[in-house]
1. Look through the stretch 28-78, keep the residues that are under 20 Å from A101 (Cβ atoms) and among the aliphatic types (A, V, I, L, M), and return whichever of them is nearest to the chain's Cα centre (by Cα).
2. Filter the stretch 79-112 down to the residues that are assigned to a loop (DSSP other than H, G, I, E, B) and among the hydroxyl-bearing types (S, T, Y) and list them by number.
3. Select from the stretch 43-75 the residues that are more than 13 Å from the ligand (Cβ to nearest atom), part of a helix (DSSP H, G or I) and surrounded by fewer than 18 Cβ atoms within 10 Å (Cβ to Cβ) and list them in ascending order.
4. Just checking, does the stretch 12-33 include any residue being out of contact with any Lys or Arg (no Cβ under 8 Å at 6 or more places or on another chain), part of a loop (DSSP other than H, G, I, E, B) and within 13 Å of the ligand (Cβ to nearest atom)?
5. Just give me the residues in the stretch 86-133 being exposed (fewer than 14 other Cβ atoms within 10 Å of the Cβ) and within 11 Å of the ligand (Cβ to nearest atom), in sequence order.
6. When you check I3 against the structure, is it in a strand (DSSP E or B) and either out of contact with any Ser or Thr (no Cβ under 8 Å at 6 or more places or on another chain) or closer than 18 Å to D72 by Cβ (or both), yes or no?
7. For G7, indicate whether it is of a type in the set (G, A, S), farther than 23 Å from L150 by Cα and within 13 Å of the ligand (Cβ to nearest atom).
8. Out of the residues in the stretch 134-144 that are of a type in the set (S, T, Y) and crowded, with 17+ Cβ neighbours inside 10 Å, state the one that is farthest from the ligand (Cβ to nearest atom).
Amino acid sequence: MIITGDGSGIGLKLALQLVAPGNTVIICGRDASKLAEAVHLAGAQAVTRDVTVAEDQDRILSDIQAQHGRLDLRIGNAGIFLAYDFRNVPDRLQRIEREIAINATAPLTLARRALPLLEKNARPGIVFVGSAVAFVASPATPVYSGTRALIHHCA
Ligand SMILES: NC(=O)c1ccc[n+]([C@@H]2O[C@H](COP(=O)([O-])OP(=O)(O)OC[C@H]3O[C@@H](n4cnc5c(N)ncnc54)[C@H](OP(=O)(O)O)[C@@H]3O)[C@@H](O)[C@H]2O)c1
């Protein structure tokens, strides 16, 4: 199985839980040093990739295909949470695009790319990590709740 965004936080906890019963768990993030620490703690395998980059998504899946020949479960956990004043930040467009790319576009496009590999199994799974704020808009996080609502409605 592959979990994205698990050098830290919820993803690392998930990796620890899933490795324990004997699953092969592949974790993914951008920060190699964080991933190395997570590999040490969780006993998972790691790939240093950015899930917003199409070529990285392809490499994640082709490496799994080459090394394991199968994928049972894909967990989309990578995410960022940006709190800012929508009216007053000069780089709001970059922030909007970055948060949507990581929290909404990447989980959906990677899940779609993973389908041919997942569908080789009788009972494949895709999990998206959402949030309760999908149901609660907040002026302090103008885009985050929306990205979580999108994932909720796609699941
Ligand atoms: N913490 C909460 O209270 C909470 C509540 C509800 C939902 N969530 C959701 O749960 C998920 C995990 O949250 P968390 O609190 O555990 O956050 P976290 O500790 O910041 O972990 C997020 C992970 O995502 C990875 N990531 C970010 N952008 C990435 C990218 N472009 N490509 C690959 N990996 C990327 C980061 O690794 P790198 O920096 O190495 O890339 C990091 O390990 C998020 O989707 C978040 O929205 C969190």
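1. Only one residue fits best here, namely A78.
2. Selection gives Y84 alone.
3. D58, S62, D63, Q65, A66, Q67
4. There is at least one residue in the stretch 12-33 that is out of contact with any Lys or Arg (no Cβ under 8 Å at 6 or more places or on another chain), part of a loop (DSSP other than H, G, I, E, B) and within 13 Å of the ligand (Cβ to nearest atom).
5. A132 - this is the single residue of the stretch 86-133 that is exposed (fewer than 14 other Cβ atoms within 10 Å of the Cβ) and within 11 Å of the ligand (Cβ to nearest atom).
6. On the way: in a strand (DSSP E or B): yes; either out of contact with any Ser or Thr (no Cβ under 8 Å at 6 or more places or on another chain) or closer than 18 Å to D72 by Cβ (or both): yes.
Yes.
7. Numbers: of a type in the set (G, A, S): yes; farther than 23 Å from L150 by Cα: yes; within 13 Å of the ligand (Cβ to nearest atom): yes.
Considered against the rule, which asks whether it is of a type in the set (G, A, S), farther than 23 Å from L150 by Cα and within 13 Å of the ligand (Cβ to nearest atom), G7 comes out as yes.
8. Only one residue fits best here, namely T141.
Coordinate-derived values only; no laboratory data. Since the model is a prediction, treat every value here as computed from it, not as a measurement. Note: ideal-geometry Cβ built from the backbone for every residue, glycine included; neighbour counts use all protein chains shown.
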